[in-house]
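What follows is a set of notes on a single structure, which appears directly below.
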Amino acid sequence: MGQGLWRVARNQQLQQEYGEHWDAGPGLDGDPQDLGMEMGANPGQAPPSPVVGELPPHPHPRRHTQHCQGADIYQLLRARRGKEQQGFIDLEMLPPELSITILSYLNATDLCLASCVWQDLGHDEYLWQGLCKSTWGHCSIYNRRLPYGFSYRRLYMMLDEGSLTFNANHQEGISYFMSKGILVDHPKELAKFIFCTRTLNWKMLRVYLDERRDVLDELVTLHNFSNQFLPNALRDFFRHIHAPEERGEYLETLITKFSHRFCACNPVLVRDVGLSPDAVYVLCYSLILLSIDLTSPHVKNKMSKREFIRNTRHAAQNISEDFVGHLYDNIYLIGHVAA
């Protein structure tokens with residue numbers, strides 16, 4: 001970005017110098033001989049006087065340059081410590097709004113490095129607040145009145161430390177967040193933190209949710225499956241709550257909770273198509289088995305669309321063949337629902 005701004009400013013300088021060159025014009029520096037030579041007069045001959053009522057001839061059309069009012073951005077970008085210095089511009093010479101915008105594109109590591117050069121800009125609280133909320137979208141501490149001298153830069157370091165601790169041991173990670181006042185021990189607060197965070201290891205998260213079913217219940221209610229096709233909604237669900245690698249009680253619990261939530265978010269679909277939590281439960285298991293059948297390289301004879309419709313219709317008789325056929329097409333074209 002800095003190099004781009006420098007090129008823009010350089011082009012502005014060239015255009016300004018080019019315009020000033022034509023603005024002055026050859027022979028207009030006060031030398032009458034140059035003026036005469038330019039207009040075609042012989043050397044030593046006085047330039048012809050203009051006719052009354054006519055404008056004096058000009059060899060070239062005069063170009064007027066538009067001068068910027070206030071501080072010229074080129075002068076701001078060109079400010080350096082020495083003429084021989086090469087590299088990026090000094091952000092401290094730019095307007096504060098522009099400098100903050102440039103630094104907002106950096107991650108935490110690059111921003112720490114930038115703070116070594118631009119201490120005031122690199123420690124700006126708005127930048128670190130944006131980094132915190134873009135990585136950890138919800139924390140209990142965001143909704144509390146912050147004490148005097150609170151630092152979002154320090155909070156970012158604690159959130160990063162807590163995430164690394166959670167990825168090694170989920171119990172110690174949650175305890176760390178609570179000890180620092182970042183989270184409160186409430187199922188809804190913990191569910192919002194998990195839902196808005198992408199730095200937690202999914203394997204540790206799966207173990208933690210299996211132990212804290214109250215947090216799992218709140219996490220399911222945060223999903224909105226309105227107007228979503230069933231396979232796509234199931235993919236979205238398993239993107240936040242990863243399915244176990246083997247079938248068991250935990251997978252049955254997840255599908256049961258998803259089925260009730262999907263029906264609650266789509267009452268019109270339930271009425272028109274005839275879906276129910278039990279029917280969605282059967283369809284979800286059918287989609288998972290179909291995903292494994294179509295994507296596994298170990299399965300040689302893939303299930304056909306006719307076979308899938310026949311098998312599914314036996315378990316969910318109220319579902320139309322067209323709806324089940326669309327389910328097969330979605331898995332065949334897009335892929336696994338729990339990948």
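For the stretch 143-166, enumerate the residues that are part of a helix (DSSP H, G or I) and open to solvent by less than 40 Å² (accessible area, probe 1.4 Å).
Passing the criteria: TYR152, LEU155, TYR156, LEU159, GLY162, SER163, THR165, PHE166.
Determine the pairs where a residue that is over 10 Å from ILE182 (Cα atoms), located within the stretch 135-156, has a partner that is open to solvent by 90 Å² or more (accessible area, probe 1.4 Å) with Cβ atoms under 8 Å apart, the partner being 6 or more residues away or on another chain.
Once the first residue is over 10 Å from ILE182 (Cα atoms) and sits in the stretch 135-156, its partners that are open to solvent by 90 Å² or more (accessible area, probe 1.4 Å) give THR135/ARG198.
Six or more apart or on different chains, Cβ under 9 Å: which pairs go from a residue in the stretch 237-259 that's more than 13 Å from ARG206 (Cα to Cα) to one that's of a type in the set (Gly, Ala, Ser) and not in a loop (DSSP other than H, G, I, E, B)? Could you list them?
The qualifying pairs are PHE258/ALA233; SER259/ALA279.
Can you find even one residue in the stretch 279-291 that is farther than 23 Å from LYS192 by Cβ and outside any helix (DSSP H, G or I)? Full working, then the answer.
Of all residues in the stretch 279-291, those farther than 23 Å from LYS192 by Cβ come to 279-291.
Retained after the next criterion (residues that are outside any helix (DSSP H, G or I)): none.
No, the stretch 279-291 contains no residue that is farther than 23 Å from LYS192 by Cβ and outside any helix (DSSP H, G or I).
List every residue pair whose Cβ atoms sit under 9 Å apart, with the two residues 6 or more apart in sequence or on different chains, where the first one lies in the stretch 295-317 and is over 18 Å from ASP278 (Cα atoms) and the second, anywhere, is open to solvent by 60 Å² or more (accessible area, probe 1.4 Å) and among the small types (Gly, Ala, Ser).
Short answer, once both residue conditions are applied: THR295/ALA339.
Using beta carbons and a limit of 6 Å, which pairs, at least six apart or on different chains, have the first residue in the stretch 194-222 and at negative phi and the second one in a loop (DSSP other than H, G, I, E, B)?
PHE195/LEU222; CYS196/GLY137; CYS196/HIS138; TRP202/HIS242; ARG206/HIS242
Filter the stretch 210-263 for residues that are assigned to a helix (DSSP H, G or I), of a type in the set (S, T, N, Q) and over 13 Å from LEU287 (Cβ atoms); which is most open to solvent (accessible area, probe 1.4 Å)? It would help to see each step written out before you state the result.
Of the residues in the stretch 210-263, the ones assigned to a helix (DSSP H, G or I) are 210-211, 213-221, 230-240, 249-263.
Still in the list and also of a type in the set (S, T, N, Q): 221, 232, 253, 256, 259.
If we keep only those that are over 13 Å from LEU287 (Cβ atoms) as well, we get 221, 253, 256.
Values: THR221: 70, THR253: 26, THR256: 54 Å².
Looking at the filtered set, the residue picked out is THR221.
Answer yes or no: is there a residue in the stretch 318-337 that is hydrophobic (A, V, I, L, M, F, W, C), under 30 Å from VAL215 (Cβ atoms) and open to solvent by 20 Å² or more (accessible area, probe 1.4 Å).
yes
The values are calculated or read from the model by the stated rules, or taken from the named source; none is laboratory data. What you are looking at is a predicted structure, and each value in this text was computed from that prediction instead of being measured. Don't worry about glycine lacking a Cβ; one is built from the backbone with ideal geometry, like all the others, and counts go over all protein chains shown. Ligands, DNA and RNA are stripped out before the accessible areas are found, and what is left, the full protein with its side chains, is counted by its heavy atoms. Shrake-Rupley method; radii C 1.70, N 1.55, O 1.52, S 1.80 Å.
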